[in-house]
Amino acid sequence: MSAFLIRRFLRFVVVCIGVSLVTFSILHASGDPVALIMPEAPEADRAKLRDALGLSDPLPTQFVRFVANAARGDFGQSFFHREPAFGLVVERMPTTLGLTCLAVTLALAIAIPVGIYSAVFRNTLGDHAATAIVFLGQSMPVFWIGIMLMLLFAVQWRLLPVSGWGTWSSMVLPAVTLGAFTTPLFMRIIRSSMLEVINLDYVRTARAKGLSEWLVICRHALRNAALPIVTVTGLQFGLLLGGAVLTETVFAVPGVGRLIVGAIRQLDFPIVQAGVFLLAIIIVSVNFLVDVLYVYLNPTVRLH
Amino acid sequence: MRCWLTGLFALTLAALVVPIGAGAQGKDTITVALPSHAPTLDPHMHFERVGVLVNINMFDSLLHRSAKLEFEPSLAVSWKALSDTMWEFKLRKGVKFHDGSIMTAEDVKFSFDRVLEPGQEKKKSPQYGNVRAIKEVKIVDPDTIHLITDKPFPLLLERLVYFGIVPKKHIEKVGEEAFGSTATVGTGPWKLVEWKRDQHIRLEAFDQHWRGKPAFRYVVFRAIPEVATAVAELKTGGVDIIRNVNADLMPDLKSHPQTRISTTPILRVHYISLDMRSAPFDKKAARQAANYAIDKQAMIQKMMAGLGKQVATVVQPAAFGFDPSVAPYSYDAKKAKELLAQAGYPNGVDITLHSAAVDWRPHFEALGQMLTEVGLRTTVKMWDPGPAWNKFFQAEGKATNGQYGSWGNYSVFDADAVLHPLYHTEPGGWIGKHYARVEGLDKLIDEARSSIDQAKRKRIYAEIQRMIREEAPSVFLWTQNDTLGISKKVAYEARPDEWLWLFAAKPAN
């Protein structure tokens, strides 16, 4: 176990450095933030500011300085907010994480029962209907679903607030929107992995013991069928975290995605670096958790 | 089973129902939707329109601009030029900051000094470029200050209209960071209650404001990036004012029982800037051909709901120096073809135009089509506005053969505000340095810029307009309107400078 943790930690460090390097290079290749900070100032004044921000040093020097500071949790001052970038990102992280967790929970809560239903009653009308909905759901872009739900529930029926964040009612539409993006995938995976196990010998044995169909499916079949779902949930979590930016924009949710996109437009390097870095850490951590959970669910897998 | 499911669904919905209008505000609150918040509430440390609109309701400047665009006294009760480079301002007495302290000449001097930072290497205010002509701020007596510029600076008054006066002692006490986020204090009609980043800025009326009490006790600026969302909020009463309503949304907001629109021409001019460094637009005839090729009237009527005006050059009727005797290019495809042949392209020529005006994509494509019809076979290249575009277009000047875009003059109502960035070739300038090669134009722009004799400036600008009409460094297109979507519960009209001066807003009926 400890060898596993060490190896995992090393891999984590490599991922962090890789993410930083890529973000750093893309940002520095993309333009001069000083031109955006001082739009009408003469070149001499801009050069002074560039010196003061350390932007005129050679790139490798800047990168080493960035990594050294980042290791101590210091991502520098945001060029525009004039506050530590890390704090700005951390401040918004609970919102984005909350939205993502809600969406994943919602997606699983819908996908698991429907997926099981589709597998058990495969090739019935219900199964086909579920499949149709799956394709429909996956073909619709997130922002479009969001706007349609908003028009229906907030403008037409006035049941929910149009946008904003803070009250439970304001979280419903963003969570449903983001969840709708991933539900179909979960549903398909549960259906197919259930189909794989449902006719295996041990399931037939369980039935032969006289257990009720309900118990057979929930206790015996589902446990094995759940393995791929755990993996996919981990991967989807990362995807949703990144994809939350569209939902955040449509529903005016004050999350990290919106902050980072705004910062990219303004070339606010420290915020982008801190934001991408923190998201990368979260995604790596979630995948680590998934690996551990995997062992718990499937004792035949060893950590190494 | 089906019954049971339906019941569950209904129950869930019922549980989620919130009282209707929970998001809507009472009669003492006006709510404005902005696409985002500026990074700080400190009026000197950003230069974003969304921030300016909030700041002007919290801070006063030396001068105010009326809805008719005339200068009005604000913190200065009178002003005059003592010489070409020295201006005198008499300050209003007894004006209070939100923290109760009295505004003094010290505060005025401090406000300018923190942007100009005399003696400091690191100038960090984005507004430095706007006021850098001010060399010194001198306190003559407690109610009088002199602003001394390094050379004659006719734009001084324009620049002062948005230059908030901030409290010296308060900032020294709380620090710049707190001043820009939680402890923002000005002399304006509203004071800060709460700023939740990316959510809302909440202001409350300042009872001791020198103008008196505003009609709305509370102002809320919500950050809503998506237009469709802002429109939905307006219709359901979540917000009272939305900005920048596009032509395609107007019928919807006009016919909705709770909303209306208010539209006005603004200081934004559209043009295709032509790259005079290389063929075919190094030839005057080719540039004129492009101007004759565009049917501006048709585009304004068909694509902009009639909300726009054709212009003769990039100088607009509302700007100082506009010369009405210069006539716009008419639409004349035949003449365009002749001119193109004269320029040496009887069989036409291939060109590429660039733009990052994503909201105007259909217009850009229509322009390309019209140019193609006369033989300027155009490839339109649409860019995502952002770093890559800034670098390609502005920093490196690689956008050959031209760019379609618009210029908002930073709401400065003077011909210089558009002529200098577009046509002056000074290094460090905007696009003139890449594109423009009109002989003698730099000299004229400089001459007009360095005089405060308005009659002389007017003469020079008239000459410049005749010159660019003839030389055609751009295809001159149209002015734009700004359209607000407004709740019928609120009485307020759009301003030509795109400001939201909410002191003028009142509850309707």
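With +1 on each Lys and Arg Cβ and -1 on each Asp and Glu Cβ, and nothing else charged, work out how big the dipole of chain A is about its Cα centre, in Debye to the nearest 20.
Working: 22 positive and 16 negative charges, 219 e Å.
Here chain A has a charge dipole of around 1060 debye.
Taking all C-alpha pairs of region B:226-265, those more than 17 Å from each other amount to 18 percent.
Taking only Cα atoms of region B:281-363, what ratio of Rg to Rh do you get with Rh as the Kirkwood inverse-distance radius?
1.00
For region B:400-483, the Kirkwood hydrodynamic radius from C-alpha pairs, put into Stokes-Einstein at 10 °C and a viscosity of 1.306 mPa s, yields a diffusion coefficient of 117 µm² per second.
If I take R0 = 35 Å and measure r between the Cβ atoms of B:L69 and B:E463 in this structure, what FRET efficiency does the formula 1/(1 + (r/R0)^6) give, to the nearest 0.05?
Values: r = 24 Å, r/R0 = 0.70.
Between B:L69 and B:E463 the formula returns 0.90.
Run the paramagnetic zone check for B:E493: 7 angstrom along Cα to Cβ, then residues of region B:200-221 with backbone nitrogen under 20 Å. Zone members listed by number: B:215-216. For region A:48-115, trypsin sites (Lys or Arg not before Pro) are listed when DSSP marks them as loop and at most 10 other Cβ atoms sit within 10 Å of their Cβ; the list is A:R72. Enumerate the residues in region B:258-294 having an amide nitrogen under 20 Å from the point lying 7 Å beyond the Cα of B:E365 toward its Cβ. What the label zone holds, given the 20 Å backbone N cut-off, is B:271-272, B:294. Could you state, as a whole-number percent, how many of the C-alpha pairs of region B:49-139 are farther apart than 22 Å? When all Cα pairs of region B:49-139 are counted, 36 percent exceed 22 Å. Considering every alpha-carbon pair of region B:162-261, the percent of pairs per 5 Å bin, from zero through the bin containing the longest distance, is 2, 11, 16, 17, 16, 14, 11, 7, 3, 2, 0.
With the biggest extent put first, the Cα atoms of region A:113-162 measure 39, 21, 15 Å across the principal axes. Placing a pseudo-label 7 Å from each Cα along the Cα-to-Cβ vector at B:A395 and B:R277 gives an inter-label distance of 1.6 nm. Evaluated at q = 0.14, 0.16 Å⁻¹, the base-10 log of the normalised Debye intensity for region A:166-304, with identical point scatterers placed on the Cα atoms, takes the values -0.82, -0.96.
Where does region A:50-163 land on Rg(C-alpha)/(2.2 N^0.38 Å)?
Details: Rg = 23.6 Å, N = 114, 2.2 N^0.38 = 13.3 Å.
Against the compact-globule rule of thumb, the ratio is 1.78.
Projecting the Cα atoms of B:Q342, B:T104, A:P60 onto the charge dipole of the protein assembly as shown (Cβ charges, centred on the Cα centre) puts A:P60 farthest toward the positive pole.
Among the trypsin sites (Lys or Arg not before Pro) in region B:344-403, none sits in a DSSP loop with a Cβ that has at most 10 other Cβ atoms within 10 Å.
Using only the alpha carbons of chain B, what is the convex hull's orientation-averaged projected area in square nanometres?
On the way: hull surface 115.1 nm².
Projected over every direction and averaged, the Cα hull of chain B covers 28.8 nm².
A straight chain from A:L211 to A:L136 at 0.36 nm per residue would run longer than the Cα-Cα distance by 23.3 nm.
The rule of thumb for compact globular proteins, 2.2 N^0.38 Å, goes into the C-alpha radius of gyration of region A:12-86 1.18 times.
Quick one: if the Förster radius is 30 Å, what FRET efficiency do A:L195 and A:C101 give, using the C-beta to C-beta distance and rounding to 0.05? Numbers along the way, then the final one.
Working: r = 29 Å, r/R0 = 0.96.
Result of the calculation: an efficiency of 0.55.
Rg then Dmax, both in Å and based on the Cα atoms of region B:79-130: 13.9, 37. Name the residue from B:H146, B:G321, B:A298 whose Cα lies farthest towards the positive end of the charge dipole of chain B, charges +1 on Cβ of Lys and Arg and -1 on Cβ of Asp and Glu. With unit charges placed on the Cβ atoms, the residue in question is B:A298.
Global dimensions of the protein assembly as shown from alpha-carbon coordinates: Rg and Dmax equal 30.5, 105 Å. Shown here: chain A, whose C-alpha atoms stretch 84, 58, 29 Å along the first, second and third principal axes, sorted largest to smallest.
What full-extension length gain, to one decimal in nm, is calculated for A:L5 and A:Y294 as 0.36 nm per residue of separation minus the Cα-Cα distance? List each step's numbers first, then the result.
Values: separation 289, 0.36 × 289 = 104.04 nm, distance 1.51 nm.
Between A:L5 and A:Y294, full extension yields an extra 102.5 nm.
With each label modelled as a point 7 angstrom along the Cα→C-beta vector, the B:T352-A:L239 pair spans 3.5 nm. Extending 7 Å from the Cα toward the beta-carbon at both B:K27 and B:M86 defines two label points whose distance is 5.5 nm.
What number in nm² do you get for region A:176-224 if you take the convex hull of its Cα atoms and divide its surface by four? Mind dumping the intermediate values first?
Working: hull surface 15.0 nm².
Over every viewing direction, the Cα hull of region A:176-224 projects on average to 3.8 nm².
Roughly how big is region A:165-304's charge dipole about its Cα centre, with Cβ charges of +1 (Lys, Arg) and -1 (Asp, Glu), in debye to the nearest 20? With Lys and Arg at +1 and Asp and Glu at -1, about 400 debye.
For region B:350-509, what mean projected area does the convex hull of the alpha carbons give, in nm²? Computing the convex hull of the Cα atoms and averaging its projections yields 12.9 nm².
Looking at chain B, what % of its DSSP beta bridges pair antiparallel, to the nearest 5?
Numbers: 56 of 73 bridges.
Close to 75 percent.
Charged side chains reduced to their Cβ positions (Lys and Arg at +1, Asp and Glu at -1) give region B:196-347 a dipole of some 140 debye around its Cα centre. If R0 equals 25 Å, the separation of the Cβ atoms of B:A178 and A:F63 corresponds to a calculated FRET efficiency of about 0.15.
Computed from the coordinates by the stated procedures, all read-outs in this text should not be read as laboratory data. Being a predicted model, the structure only gives us computed values, none of them experimental. Note that each Cβ is placed from the backbone with ideal geometry, even for glycine, and that neighbours are counted across all protein chains shown.
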